[in-house]
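Asks: Got a structure for you, written out below as structure tokens; questions coming shortly.
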């Protein structure tokens, strides 16, 4: 896996991937028609290029075997505006790698203490919650299709699975067995007496 800032010439691929993921995975889940139009306008190649050239947007790509499989965008004010991973490539850590890269960049380059994202609360906010983001406001406005979330840029709160060593699992099993046996023996002794 390689995560890097995309060059101007690569923005067309980034826009195409983002639009594809949006159309396949997200469009049908959005309740507000105006939100669909907003996302479509934002993801246009021309818009991304303008923001990129004005230094208002940094765009990253995550590559696997030289193929672009995910895209992320961070505005200069610390707002994450894009996080798209191909559906066939999810659950491989690409999104987490992009988030961590943006977090470090926001702290190191922009000097920003917090990064924010407008998450579609019903189905994407849990993804961000697991990665150290919290709600700016607990109540979602029913007239707004997103909930604003933020995370510290210098804190590594990303949930990472850890393998439990076999010795620990065996020890826990044996300990539970011995504890249960001791309880049963104590119960039998008190019953007999």
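Taken together, the values in this text are just the output of simple stated rules run on the coordinates, not laboratory data. Note that the structure is a prediction, hence the values are computed from the model and not measured. Methodologically, a virtual Cβ is constructed for each residue, glycine included, from the backbone with ideal geometry; neighbour enumeration extends over all protein chains shown.
Asks: How do the peptides 78-90, 49-61, 168-180 rank, highest first, by the average count of neighbouring beta carbon atoms within 10 Å per residue?
Replies: 78-90, 49-61, 168-180
Asks: Packing-wise, with mean Cβ within 10 Å as the measure, how do 183-189, 129-135 rank, highest first?
Replies: Descending mean neighbour count gives 129-135, 183-189.
Asks: Also, quick follow-up: Between residue 56 and residue 1, take the C-beta separation as r, use R0 = 30 Å, and let me know the FRET efficiency to the nearest 0.05.
Replies: Working: r = 27 Å, r/R0 = 0.90.
Calculated value: 0.65.
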